[in-house]
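We did not get these values from a lab; they are worked out from the coordinates using the rules stated. Since the model is a prediction, treat every value here as computed from it, not as a measurement. Backbone-built Cβ (ideal geometry, glycine too); neighbour counts: all protein chains shown.
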Amino acid sequence: TKKGFIFDLDGVIVDTAKYHFLAWKKLAKRIGMDFSETQNEQLKGVSRKRSLEKILAWGNKTLSEAEFNQLMSAKNDDYLSYIEKMDDSEVLPDIAKTLDFLIGKGQAVALGSASKNAVPILKKVHLLDKFEAIVDGNDVSKAKPDPEVFLNASELLKVKPEDCIVFEDSVAGVQAANIAKMLSIGIGDKKNLHEADYVFKDFTEISEDFLNDIMSNKIN
Ligand code: BG6
Ligand code: MG
């Protein structure tokens, strides 16, 4: 069967989750707050605006709209300063190989990301042309765990949600995939991603046999 393989970007395709973390940490410090790994985990997959709202709520802070917007753009400027220096070496292990394998098998491949920086990042690491469809933070109004981003991707690929597979490193993203009735594959720590149908540390642990089993409906 032709399946729709939908990849999250940050923390799945590229090692940018660490840059989001550094940028949010710096921002938190600027407004006199600490920022823990646990809090960071809750921001993965969450839009820039919603992330700042959460941070401010954790610190019991209220800001004017102007101050809020200023902090959002400061965070993004800081994040982009890391992205500028990025190259192909920050593509996570076996990603390019997996994309080529799926494309070679005639599968439909899409990006489903909350980031508004998705296209420039994919260009930077030379993976843009691998994706038949791209749905990112510029296209969706409802953030993960809302399934909008993945349902849009499924529609663009012309593959039913039940025949789509989502690779996600965030709790919110796994929940979005589950709500969309897609097969959810967590990339990262089993402890955080226990709601996923399957969890792998990274793509080096995902065998071609496993992908073949998905395509032949042995796994669904
Ligand atoms: C998600 C990241 O992919 O994109 C989040 O996991 C990030 O950490 C969100 O906040 C929005 O990204 P951007 O690049 O538009 O700020
Ligand atoms: Mg992610």
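Computed quantities for the displayed model
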| read-out | value |
| --- | --- |
| Amide N of the range 25-61 lying under 16 Å from the label point, which is placed 7 angstrom from the Cα of Asp189 along Cα→Cβ | 35-45 |
| Three semi-axes of the equivalent ellipsoid, the range 9-57, Cα gyration tensor, whole Å, largest first | 18, 11, 9 |
| Contact order normalised by residue count of the chain, Cα under 8 Å, 6+ apart, percent | 26 |
| Gain upon complete extension [Asn76, Glu155; 0.36 nm per residue less C-alpha separation] | 25.5 nm |
| Most to least packed among 106-119, 14-27, 46-59 [average Cβ atoms within 10 Å] | 106-119, 14-27, 46-59 |
| Per-peptide average of other Cβ atoms within 10 Å, ordering 80-89, 149-158, 166-175 highest first | 166-175, 149-158, 80-89 |
| Flagged links, alpha-carbon separation over 18 Å, of Lys18/Lys97; Lys44/Lys144; Lys25/Lys116; Lys116/Lys142; Lys75/Lys144 | Lys18/Lys97; Lys25/Lys116; Lys75/Lys144 |
| For Lys124, net neighbour charge (Lys/Arg +1, Asp/Glu -1) across residues whose Cβ lies under 15 Å away | -4 |
| Equivalent ellipsoid dimensions for the range 154-220 as semi-axes, Å, which come from the Cα gyration tensor, largest first | 18, 16, 9 |
| Pairwise centroid distance, computed over Cα atoms, of the range 178-220 with the range 1-41, Å | 20 |
| Scattering profile of the chain at q = 0.10, 0.12, 0.13, 0.15 Å⁻¹ [log10 I(q)/I(0), Debye over alpha-carbon scatterers] | -0.42, -0.61, -0.71, -0.94 |
| Label-point gap, in nm, between Glu162 and Met33 - each point 7 angstrom along Cα→Cβ | 4.3 |
